[in-house]
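Enquirer: If you scroll down you'll find the structure; I have some questions about it.
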Amino acid sequence: MTLNESEKLFRAERMTGIGGSDAAAVVGLSPWAFPIDVYLAKTGQGEPKEVTPAMEWGTLKEPLIREVFEEKTGLKVSRKIDPRTNREVMYRHPKHDFMIAHVDGVILGDDGKPCALLEIKTASQFLAYQWGESGSTTIPSYYMIQIQHTMEVLDLPAAWVVVLIGSSDYRTYYILRDQPAIDALIELEKTFWESHVKLNVPPPVDGSDSYSEYLSNKYPAHNDVELDSTPEIDERLIELQEVRRKLKQLAGNEAFLKNTIKGYMGSAGVLNCDGSKVTYRQSKDIKKINWQAVASTFFPSDLLIAEHTVVKKGNRPFVPPRLPKDGA
């Protein structure tokens with residue numbers, strides 16, 4: 001089986017349920033994804049996520065972190081690899097079949113039976129504040145959701161979480177199973193799966209860029225229909241106008257404050273203030289070639305111009321009513 005076929009199989013497996021990393025998005029706690037992202041992925045309407053350098057390096061570091069964990073704790077970590085995908089096998093909840101999980105490892109007890117989950121993470125040093133001291137139970141909430149979900153799928157009482165922050169800040173956390181939180185999570189995931197994924201009904205509208213993109217893709221062009229508003233939409237328009245009015249006022253306040261500080265700085269490039277710095281420096285000049293003017297000097301024919309003309313698809317801007325002028 002080729003790598004491409006393995007990846008296709010892995011993605012197909014993930015479409016059959018809600019995984020640990022999906023769970024935080026379903027309940028609205030993920031910083032990277034939203035319910036609409038999970039819905040589109042599970043219904044085959046979304047594009048595969050691009051693998052970022054951080055994700056790639058995290059995967060490469062995982063075996064080393066696992067080895068260090070075993071050496072430091074003396075615990076035995078078991079992994080089951082699926083030869084079809086060359087990844088950890090996918091686990092499925094025996095009762096709630098919409099709950100699935102891929103794990104970094106399972107810790108074995110003295111009797112050789114699974115006794116805890118192992119979850120390995122890497123994090124930027126700029127996110128170190130989200131993690132508590134090693135030995136505590138303070139980890140980011142979105143990872144806590146993932147871990148509780150996975151413990152439920154594998155029916156495990158606890159989990160070890162290992163994070164490498166930056167290049168050398170190694171921390172471990174021992175997290176116990178939280179059954180009340182798991183019970184609530186199961187209900188939320190069940191509702192999402194049965195009411196949205198299985199029925200192919202998108203989740204409620206939210207303010208994410210993901211939902212805006214979804215609507216733009218679903219309704220790329222307009223027709224000649226003019227709809228009459230409803231009382232609910234009228235309320236939303238009133239709320240929108242109020243939000244826009246406040247944003248306009250805040251933008252004016254921001255400009256006033258910036259200009260006040262700029263005026264104080266004058267020609268100074270740096271302002272020291274209360275342990276931090278404000279910079280106000282001129283950027284380097286940028287040379288930009290006017291290729292249209294260059295090309296026109298060669299007197300291109302209309303046929304040549306037509307040959308190299310591309311049509312850029314028009315967008316569909318949303319234009320609400322104009323805000324009344326101040327005092328109007």
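Enquirer: For segment 112-218, go through all pairs of different Cα atoms, get the mean of 1/r, take its inverse, and jot down that Kirkwood value in Å. Before the final figure, lay out the partial values.
Expert: Working: mean 1/r = 0.0618 Å⁻¹.
Final number for the Kirkwood radius of segment 112-218 is 16.2 Å.
Enquirer: Of 8/95; 49/121; 246/325; 76/190; 8/80, which ones are farther than 24 Å apart at the Cα? Don't skip to the answer; put the middle values down first.
Expert: Numbers: 8/95 26 Å; 49/121 18 Å; 246/325 13 Å; 76/190 34 Å; 8/80 19 Å.
Pairs exceeding 24 Å: 8/95; 76/190.
Enquirer: Under the 0.36 nm per residue contour assumption, what length would be gained going from the current alpha-carbon distance of residue 254 and residue 133 to full extension? Numbers along the way, then the final one.
Expert: Details: separation 121, 0.36 × 121 = 43.56 nm, distance 3.75 nm.
Computed gain between residue 254 and residue 133 is 39.8 nm.
Enquirer: Quick one: pull the percentage of alpha-carbon pairs in segment 1-90 with a separation above 21 Å. List each step's numbers first, then the result.
Expert: Values: 1858 of 4005 pairs.
Tail of the P(r) past 21 Å holds 46 percent of the pairs.
Enquirer: May I ask for log10 I(q)/I(0) of segment 46-122 at q = 0.11 Å⁻¹, from a Debye sum over the Cα atoms as equal point scatterers with solvent left out?
Expert: Once normalised to I(0) and log-transformed, intensities are -0.36.
Enquirer: May I pose another question? What GluC sites (Glu not before Pro) does segment 161-267 have in DSSP loop regions with at most 13 other beta carbons within 10 Å?
Expert: On the way: sites: 187, 189, 194, 213, 226, 232, 235, 239, 242, 254; in loops: 226.
In loop regions of segment 161-267 (DSSP not H, G, I, E or B), the sparsely surrounded GluC sites (Glu not before Pro) are 226.
Enquirer: Given q = 0.32 Å⁻¹, what are the Debye log10 I(q)/I(0) values for segment 233-278, with equal point scatterers placed on the Cα positions and solvent ignored?
Expert: Computed log10 I(q)/I(0) values: -1.03.
Enquirer: Under a point spin-label approximation (7 Å from Cα along Cα-to-Cβ), what is the residue 68-residue 237 distance to one decimal in nm?
Expert: Result for the modelled spin labels: 5.9 nm.
Enquirer: Pick out, in residue order, every one of the trypsin sites (Lys or Arg not before Pro) in segment 235-286 that is DSSP loop and has at most 14 other C-beta atoms within 10 Å; say none if there are none. Don't skip to the answer; put the middle values down first.
Expert: Values: sites: 236, 244, 245, 246, 248, 258, 262, 277, 281, 284; in loops: 281, 284.
When the trypsin sites (Lys or Arg not before Pro) of segment 235-286 are filtered for loop state and at most 14 Cβ neighbours within 10 Å, 281, 284 remain.
Enquirer: Taking neighbour Cβ counts within 10 Å as the exposure measure, how do 15, 99 sort from fewest upward? Before the final figure, lay out each step's value.
Expert: Details: 15 13, 99 25.
By the 10 Å Cβ count, ascending, the order reads 15, 99.
Enquirer: Now for a different question. How would you rank 81, 261, 289, going from fewest to most other Cβ atoms within 10 Å of each one's own Cβ?
Expert: Details: 81 10, 261 13, 289 7.
Fewest-to-most ranking of 81, 261, 289: 289, 81, 261.
Enquirer: Let me ask something additional. Over segment 69-129, what relative contact order in percent results from Cα pairs under 8 Å that are six or more residues apart? Intermediate values should be presented prior to the final figure.
Expert: Numbers: 69 pairs, mean separation 15.3, N = 61.
Normalised by residue count, the contact order of segment 69-129 is 25 percent.
Enquirer: Lys/Arg Cβ at +1, Asp/Glu Cβ at -1, dipole of the chain taken about the Cα centre: which of 261, 129, 314 is farthest positive-ward?
Expert: The listed residue farthest towards the positive side: 261.
Enquirer: Counting other C-beta atoms within 10 Å, which of 115, 273 has the fewest, and how do the rest follow?
Expert: Details: 115 16, 273 9.
Fewest-to-most ranking of 115, 273: 273, 115.
Enquirer: Further, regarding this structure: Using R₀ = 51 Å, calculate the FRET efficiency as 1/(1 + (r/R₀)^6) where r is the Cβ-Cβ separation of residue 125 and residue 262; round to 0.05.
Expert: It comes to 0.95.
Enquirer: So, one more: Relative to the compact-globule scaling 2.2 N^0.38 Å, provide the ratio for the alpha-carbon radius of gyration of the chain.
Expert: On the way: Rg = 26.7 Å, N = 328, 2.2 N^0.38 = 19.9 Å.
After normalising by residue count via 2.2 N^0.38 Å, the value is 1.34.
Enquirer: State the extension gain, in nm to one decimal, for the chain segment bounded by residue 88 and residue 221, taking 0.36 nm per residue of separation less the distance between their alpha-carbons.
Expert: On the way: separation 133, 0.36 × 133 = 47.88 nm, distance 4.32 nm.
Full-extension gain reported as 43.6 nm.
Enquirer: Using only DSSP helix segments of four residues or longer, with each worth -39500 (n - 2.57), what per-residue ellipticity at 222 nm results for the chain after dividing by its residue count and rounding to 500?
Expert: Values: 10 runs with 133 residues, N = 328.
After summing the helix terms and dividing by residue count, I get -13000 deg cm²/dmol.
Enquirer: Now for a separate question. No solvent, one uniform scatterer per C-alpha: report log10 I(q)/I(0) for segment 165-216 via the Debye equation at q = 0.15 1/Å, two decimals.
Expert: At q = 0.15 Å⁻¹ the computed log10 ratios are -0.73.
Enquirer: Would you mind working out the magnitude of the charge dipole of segment 1-100 relative to its Cα centre, with +1 at each Lys and Arg C-beta and -1 at each Asp and Glu C-beta, to the nearest 20 Debye? Before the final figure, lay out each step's value.
Expert: Values: 15 positive and 15 negative charges, 68 e Å.
Approximately 320 debye in magnitude.
Enquirer: Taking amide H atoms as placed 1.01 Å from N in the peptide plane, list the residues 5 or more away in sequence, or in a different chain, whose amide H sits under 5 Å from that of residue 121.
Expert: 162, 163, 164
Enquirer: Contact order normalised by length for the chain, with contacts defined as Cα pairs under 8 Å and 6 or more residues apart; what percent is it? It would help to have the intermediate numbers written out before the result.
Expert: Numbers: 332 pairs, mean separation 48.9, N = 328.
Relative contact order of the chain: 15 percent.
Enquirer: How big is the antiparallel share of DSSP beta bridges in the chain, given as a percent to the nearest 5? Mind dumping the intermediate values first?
Expert: Working: 23 of 31 bridges.
Rounded to the nearest five, the antiparallel share is 75 percent.
Enquirer: A further question on this structure: Between residue 280 and residue 49, 0.36 nm times their residue separation minus their Cα-Cα distance comes to what?
Expert: 79.4 nm
Enquirer: About the Cα centre, and with charges only on the beta carbon of Lys, Arg (+1) and Asp, Glu (-1), how big is the dipole of the chain? Nearest 20 debye, please. All intermediate terms of the calculation are to be shown ahead of the outcome.
Expert: Working: 39 positive and 45 negative charges, 237 e Å.
Approximately 1140 debye in magnitude.
Enquirer: Here is a follow-up. For the residue pair residue 176 and residue 319, what label-to-label distance in nm results when each label sits 7 Å from Cα along the Cα-to-beta-carbon direction?
Expert: Here the answer is 6.1 nm between the modelled labels.
None of the figures in this text is laboratory data; all of them are computed from the coordinates on show. Nothing here was measured: the structure is a model prediction, and the numbers come from that model. Reconstructed Cβ throughout: ideal geometry from the backbone, glycine too, with neighbour counts over all protein chains shown.
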